[in-house]
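The values are calculated or read from the model by the stated rules, or taken from the named source; none is laboratory data. Since this is a predicted model, take the numbers as computed values, not measurements. Every residue, glycine as well, gets a Cβ built from its backbone with ideal geometry; the counts of neighbours run over all protein chains shown.
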């Protein structure tokens, strides 16, 4: 069983979706506060293997018996602290470039995310919104060089959930990015695109136009 928070962040939603597809039991932490998140909830709620709790504290007080295989926390603007009392075989903290690693999460595996894009990402017609509040145009060199499709990322991340991690710092980066190679204390995992950026972007544009009211 896996605990994901926040599950209504777009990355958290894709992670829940993939785990459920593989027959895993998932506990999601979060509240649907937007139209897009309502849509996520409607989709996830159809699967009996998914349970939702607004907060970690409510999950704890529910006395739901769960042998957690892993806790996965995605660091977003909706930060939700995980109590130290919450136990799991593995703990993963997913975030962007880490200037300083949180001292209260030394027993966690820190997974450094690339620039992720995909269905339901925060975006406009021509740009994606980065976590720092900036915009990255889809026709920019930055997007072409650095952006990684969410499902290609999950294809590389998923095996980490099933193996014991010897490294406490993992960098998942585009296959052509050599920056992470200089991190001597990190495991570097390259992501090889399953489709060209141009082809993928055309599909995502059709998705955006079809479901624009949920974006």
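Residues of the range 35-61 that are outside any helix (DSSP H, G or I) and either in contact with a helix residue (DSSP H, G or I) (Cβ under 6 Å, 6 or more places away or on another chain) or without any contact (Cβ under 8 Å) to a residue 12 or more places away in the chain (or both): 45, 46, 47, 48, 49, 50, 53.
Residue-wise test of (1) modelled with pLDDT of 80 or more; (2) buried (at least 17 other Cβ atoms within 10 Å of the Cβ).
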residue: 78; (1), (2): no, no
residue: 82; (1), (2): no, yes
residue: 91; (1), (2): yes, yes
residue: 97; (1), (2): no, no
residue: 115; (1), (2): yes, yes
